[in-house]
1. Looking at the range 35-62, which of its residues are away from the ligand (no atom under 13 Å from the Cβ), open to solvent by less than 30 Å² (accessible area, probe 1.4 Å) and in a helix (DSSP H, G or I)?
2. Specify the residue that is surrounded by the fewest Cβ atoms within 10 Å (Cβ to Cβ); the eligible residues are those in the range 22-32 that are near the ligand (Cβ under 9 Å from one of its atoms) and hydrophobic (A, V, I, L, M, F, W, C).
3. I'd like to verify a number: residues in the range 1-21 that are open to solvent by 30 Å² or more (accessible area, probe 1.4 Å), in a loop (DSSP other than H, G, I, E, B) and more than 6 Å from the ligand (Cβ to nearest atom), how many?
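The values are calculated or read from the model by the stated rules, or taken from the named source; none is laboratory data. Not measured: the values here are computed from a predicted model. Here Cβ is always computed from backbone atoms with ideal geometry, including for glycine, and neighbour counts include all displayed protein chains. Side chains are part of the model used for accessible areas, which takes the heavy atoms of the whole protein and leaves out ligands, DNA and RNA. Shrake-Rupley method; radii C 1.70, N 1.55, O 1.52, S 1.80 Å.
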Amino acid sequence: MIAEVDKDTCIGCGACPEFCPEVFKMEDDGLAVAYTNPVPSDVESSAKDAADGCPVDAIHVE
Ligand code: F3S
């Protein structure tokens, strides 16, 4: 599974690293990045939770 953050859409709410710190982190620009790809199978569920939990739907997983 691949995770991507659309930086044009992310508002920097900071939720995704709370759901899945193994895949998402905040960068110096205040926006999130998916820094672990492909997503390890044992955290796919939490990565999906992060995508579902993003208030602006900036995270795409497939
Ligand atoms: Fe940004 Fe959504 Fe994460 S707004 S910080 S991608 S939860």
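1. Selection gives 43 alone.
2. 26
3. Result for the range 1-21: 7.
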